[in-house]
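Chemist: I am attaching a structure below and will ask some questions about it afterwards.
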Protein chains: 4
Amino acid sequence: MHQFSCQRRVEFSDTDMGGIVHFARFFVFMETAEHEFIRALGSNVHREIDGKKIGWPRVAASCDYKAPARFGDLLDIHLKVVRKGVKSMTYGFDFRRGDTLIARGSLTAACCELDPETGMRAIPIPPVIADLLEEAPED
Amino acid sequence: MHQFSCQRRVEFSDTDMGGIVHFARFFVFMETAEHEFIRALGSNVHREIDGKKIGWPRVAASCDYKAPARFGDLLDIHLKVVRKGVKSMTYGFDFRRGDTLIARGSLTAACCELDPETGMRAIPIPPVIADLLEEAPED
Amino acid sequence: MHQFSCQRRVEFSDTDMGGIVHFARFFVFMETAEHEFIRALGSNVHREIDGKKIGWPRVAASCDYKAPARFGDLLDIHLKVVRKGVKSMTYGFDFRRGDTLIARGSLTAACCELDPETGMRAIPIPPVIADLLEEAPED
Amino acid sequence: MHQFSCQRRVEFSDTDMGGIVHFARFFVFMETAEHEFIRALGSNVHREIDGKKIGWPRVAASCDYKAPARFGDLLDIHLKVVRKGVKSMTYGFDFRRGDTLIARGSLTAACCELDPETGMRAIPIPPVIADLLEEAPED
């Protein structure tokens, strides 16, 4: 799978005193869309594979804001796999309300083995996950 | 002024189940550093100038994550003015714990007049604010 | 209407380094359930009535935590109207995962007229809203 | 020690579209004050004692809101130990801006041994921590 769509309604606590969605919330929205995508693939973000705990710490995140979103708005979120690397994934996200582009973001996550003693170590994405993911064709 | 430094201690609620600071929190950390910078200049982020309400909605935000930060860490945050435009400002941020670079981010905000009826409209940065801000010299 | 049920999946950013949902998040979950309830009644939390802006600032909030909730959990949230006052509403909330009671909370909100100049002033709940709300029978 | 005071400046992201601090944020403010208190005692919230990982999951939390707090406000937070139990602690919190009482809250946390396999188990507060804590005298 190389793309995925979901929706999210803006909550009161997503807003700030400017009356619009706080810009940092879009990163949470991206992450949750990413996790719904992984769940839709039949997998899990945090899981054990061959006795190793796998996690996806973030390497980079960015967002361009095009129009404000407000309390109660129902946002259409479109995720696509921008790049499938050996040890990392980059996702792109479009946020729309109807025809209006609200924001466009990107998230890069590294596949890591989590060890309580030694911390995190980047590893090749295990085939059981990698086989589910495809790069989206260029637009 | 073209640069500013402040500190921030990582709170428990900044962390996630991965045991590290949630990546979206760095955007809040950047924003608060920006606001402390504006306050250090003797101004305010949200203020009235000539009867107009001024705000700084975000146009773009990005962050690269270099090393995890954890509960209780005292982060040194260094802000510099990357670009002073006519209607917008771009700030760069370094997050360090001692000598360790934790993250490097960027925030671009547009100077806007806020009107309860018509919404937000980008305007040239009023001189009373613009005169306080300078671009940092290239490294 | 005097009760309402909805569901919410625990997001990664809801968790803390303890590996469970951060306790403050339950207050956001309550608020969003309250707003979905108001929406289900065909009304809106923030609206104008007779040219007045109406809002519901919180007077009191509490929560008892019975069992931890974790990333990916699907929580059943049950709201009931505990008390319908002249100027305020008190809601009770049960959070369950299957048969397990996770938390039980309460939220009291005052009906206020919001005036940009003078701030907030408690007012009797306008009939157009009050008529939609009923107290739940005692258990 | 049975009381502790600290300050906190309200950040932009603490606010909501009502123009005031979102009510759920006060629970984060309480928790951070609790942790600063523990740090002031020379201890740590999350630590190992005799090879056991100790944590303080929340049992109950409540807050009464007296007056709104706004962006930029400097809040005085006063913590006192309301109850020192065998396995739990209850803290009370007053939030003031100058002479104005903003909110009054309470937090009860259970001392737990955290086991990655079996989860959390309430234990008597280890003497090395308990000896640092005293109940505040009745007002």
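The values are calculated or read from the model by the stated rules, or taken from the named source; none is laboratory data. Since we're looking at a predicted model, the values are computed, not measured. Virtual Cβ from ideal backbone geometry, glycine too; neighbours counted across all protein chains shown. Side chains included, ligands, DNA and RNA excluded: accessible areas come from the protein's heavy atoms. Shrake-Rupley method; radii C 1.70, N 1.55, O 1.52, S 1.80 Å.
Chemist: Could you tell me the total accessible area buried at the B-D interface, probe 1.4 Å, in square angstrom to the nearest hundred?
Modeler: That pair hides around 1200 Å² of surface in total.
Chemist: Could you state the accessible area per residue of the protein assembly as shown in Å², with a 1.4 Å probe and every protein chain left in place? Spell out each step's value before the answer.
Modeler: Values: 24770 Å² over 556 residues.
Spelled out: the 1.4 Å probe surface of the protein assembly as shown, per residue, equals 45 Å².
Chemist: List, in order, the whole-Hz ³J(HN,Hα) value for each residue of region C:17-22 obtained from phi through the Karplus relation with A = 6.51, B = -1.76, C = 1.60 and θ = phi - 60°; use x for Gly and Pro.
Modeler: For region C:17-22, the Karplus-derived couplings read 5, x, x, 10, 5, 5 Hz, x marking Gly and Pro.
Chemist: What accessible surface, in Å², does a 1.4 Å probe find on A:Leu101, ignoring ligands, DNA and RNA and rounding to the nearest 10?
Modeler: Counting only protein heavy atoms, the figure is 40 Å².
Chemist: Which order do B:Phe29, A:Phe4 take when ranked by solvent-accessible area (1.4 Å probe, heavy atoms of all protein chains), largest first?
Modeler: So the residues, ranked largest to smallest area, are A:Phe4, B:Phe29.
Chemist: Are there any residues in region B:101-139 with a reduction of at least 50 Å² in accessible surface when going from the isolated chain to the assembly of protein chains? Probe 1.4 Å, please list them by number.
Modeler: Residues losing area: B:Met120.
Chemist: What FRET efficiency, computed as 1/(1 + (r/R0)^6) with R0 = 41 Å and r the Cβ-Cβ distance, is obtained for B:Arg97 and A:Ala130, rounded to the nearest 0.05?
Modeler: Plugging the Cβ-Cβ distance into 1/(1 + (r/R0)^6) gives 0.80.
Chemist: Here's something else I'd like to know. Need the per-residue list for region D:58-96: every residue with at least 50 Å² less accessible surface in the complex of protein chains than in the chain by itself, probe 1.4 Å, sorted by number.
Modeler: Those are D:Arg58, D:Ala61, D:Tyr65, D:Phe71, which lose 50 Å² or more relative to the chain on its own.
Chemist: Pairs of alpha-carbon atoms within less than 8 angstrom and 6+ residues apart define the contacts here; what relative contact order does chain A have, in percent?
Modeler: Working: 271 pairs, mean separation 39.1, N = 139.
Averaging sequence separation for qualifying contacts and normalising by length gives 28 percent for chain A.
Chemist: Treating the beta-carbon of each Lys and Arg as +1 and of each Asp and Glu as -1, no other charges, what is the dipole magnitude of the protein assembly as shown about its Cα centre, to the nearest 20 debye?
Modeler: It comes to approximately 0 debye.
Chemist: For helix A:25-40, what angle does its Cα long axis make with the longest principal axis of chain A, in degrees from 0 to 90 and rounded to 10?
Modeler: Once rounded, one gets 50 degrees.
Chemist: Would you mind checking which residues have amide H under 5 Å from C:Lys66's amide H? H placed 1.01 Å from N; only 5 or more apart, or other chain.
Modeler: So C:Lys66 has HN proximity to C:Ala103, C:Arg104.
Chemist: If the label point is 7 Å along Cα→Cβ of C:His78, which residues in region C:1-41 have backbone nitrogen under 20 Å from it?
Modeler: So the set is C:1-10, C:26-27, C:29-38, C:40-41.
Chemist: I've got another one for you. Tell me whether the protein assembly as shown comes out rounded, prolate or oblate; compute the Cα gyration tensor, take square roots of the eigenvalues as a ≥ b ≥ c, and use a/c under 1.5 as the rounded threshold.
Modeler: Rounded, because the longest to shortest axis ratio a/c is under 1.5.
Chemist: In addition: Just check chain C against the gyration tensor rule for me: Cα atoms, a ≥ b ≥ c as the square roots of the eigenvalues, rounded for a/c under 1.5, and otherwise prolate or oblate depending on whether a/b exceeds b/c.
Modeler: Prolate is the answer for chain C, as a/c is 1.5 or above and a/b outweighs b/c.
Chemist: Can you compute 3J(HN,Hα) from phi for each residue in region B:77-93, using the Karplus curve 6.51 cos²θ - 1.76 cosθ + 1.60 with θ = phi - 60°, rounded to whole Hz and x for Gly and Pro?
Modeler: Per residue, the Karplus-derived 3J(HN,Hα) values read 10, 10, 9, 9, 7, 7, 8, 10, x, 5, 10, 8, 10, 10, 10, x, 9 Hz.
Chemist: Name the residues of region A:1-46, by number, that are at least 50 Å² less accessible with every protein chain in place than in the isolated chain; the surface is that of heavy atoms, probe 1.4 Å, without ligands or nucleic acids.
Modeler: Hits at the 50 Å² cut-off: A:Glu11, A:Phe12, A:Ser13, A:Met17, A:His22, A:Phe23, A:Phe27, A:Glu31, A:Arg39, A:His46.
Chemist: Let me cross-check D:His78: its accessible surface, 1.4 Å probe, with only protein heavy atoms counted, in Å² to the nearest 10?
Modeler: Taking all protein chains as shown, D:His78 has close to 60 Å².
Chemist: Considering only protein heavy atoms, with the full assembly of protein chains and a 1.4 angstrom probe, order C:Tyr91, C:Tyr65 by accessible area, largest first.
Modeler: C:Tyr65, C:Tyr91
Chemist: Go ahead and set up a Gaussian network model of chain A, Cα springs under 10 Å, then flag whichever of A:Gly92, A:Gly19, A:Gly119 fluctuates most.
Modeler: Highest fluctuation among the options: A:Gly119.
Chemist: Using the Cβ atoms and a cut-off under 11 Å, what net charge is assigned to the surroundings of B:Asp115, where Lys and Arg are +1 and Asp and Glu are -1?
Modeler: Overall, the nearby charge balance is +1.
Chemist: Identify all lysines with a Cα-Cα distance to D:Lys80 below 29 Å; exclude those on the same chain that are fewer than 8 residues away in sequence.
Modeler: C:Lys66, D:Lys52, D:Lys53, D:Lys66
Chemist: Which residues' amide hydrogens lie under 5 Å from the amide hydrogen of D:Leu114, considering only partners 5 or more residues apart or on another chain, with H built in the peptide plane?
Modeler: Excluding prolines and chain starts, which carry no amide H, the hits are D:Lys53, D:Ile54, D:Gly55.
Chemist: Let me cross-check C:Lys52: its accessible surface, 1.4 Å probe, with only protein heavy atoms counted, in Å² to the nearest 10?
Modeler: Accessible surface of C:Lys52 is approximately 90 Å².
Chemist: Also, quick follow-up: When a/c reaches 1.5 or more, the comparison of a/b and b/c decides; with that in mind, is region A:1-41 rounded, prolate or oblate per its Cα gyration tensor?
Modeler: Numbers: a/c = 3.40, a/b = 2.87, b/c = 1.19.
Prolate is the answer for region A:1-41, as a/c is 1.5 or above and a/b outweighs b/c.
Chemist: Using a probe of 1.4 angstrom, how much of the accessible area of region D:24-118 is carbon and sulfur, in percent?
Modeler: Summing carbon and sulfur atoms, their accessible area is 46 percent of the total for region D:24-118.
Chemist: Taking the Cα centre of chain C as the origin and placing charges on Cβ (Lys, Arg +1; Asp, Glu -1), which of C:Pro124, C:Gly19, C:His2 is farthest toward the positive end of the dipole?
Modeler: C:Gly19
Chemist: So, one more: Compute the separation of the alpha-carbon centres of region C:119-137 and region B:43-97 and state it in Å as a whole number.
Modeler: 41 Å
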